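Down below is the structure, laid out as structure tokens.
The values are calculated or read from the model by the stated rules, or taken from the named source; none is laboratory data. Small disclaimer: the values here were computed from a predicted structure and weren't measured. Note that we place each Cβ from the backbone using ideal geometry, even for glycine, and neighbour counts take in every protein chain shown.
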Amino acid sequence: MAIWQIIVLVFVFLAVFMSVATLILQLRAPNALTRVNLLGPLVCIAFPALILAKLITDWSTDGVNAGDFIRAVVAILGVWIVGSVGSFIMGRAIHGVTVVDPRAALLREERAKKQ
């Protein structure tokens, strides 16, 4: 077994461990908001670890390619951005908090006083 295969194996084991840990924690979570917050290890560690494992595999078999590196960086950043925004939106929807613009509230009060 080559060194790159061992490194890929470590990344895949890390991703599997984080996926199983997230699954177990999801099943034990007391409410929906906690379940949304528990998606962090899966999104922030497991998916990027799999992307890095694929990148190392490609580099070791086909050689270093800048395009693969850029695609991996964009994929990891995309997962992090989409995961954080999605978690924020789901958490806000579950928690039931509305966003109120204070300037809009002041304008409504001023209009109500004028009438």
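On inspection, L42 does not qualify as over 14 Å from the mean Cα position of the chain (by Cα) and not polar (S, T, N, Q).
Just the residues that are without any contact (Cβ under 8 Å) to a residue 24 or more places away in the chain, in a helix (DSSP H, G or I) and loosely packed, with under 15 Cβ neighbours inside 10 Å, please, taken from the range 18-40. Correct list: V20, L23, I24, Q26, L27, R28, T34.
Taken over the range 49-99, the criterion of being basic (K, R), at pLDDT 90 or above and either surrounded by fewer than 15 Cβ atoms within 10 Å (Cβ to Cβ) or within 22 Å of V16 (Cα to Cα) (or both) is satisfied by K54 alone.
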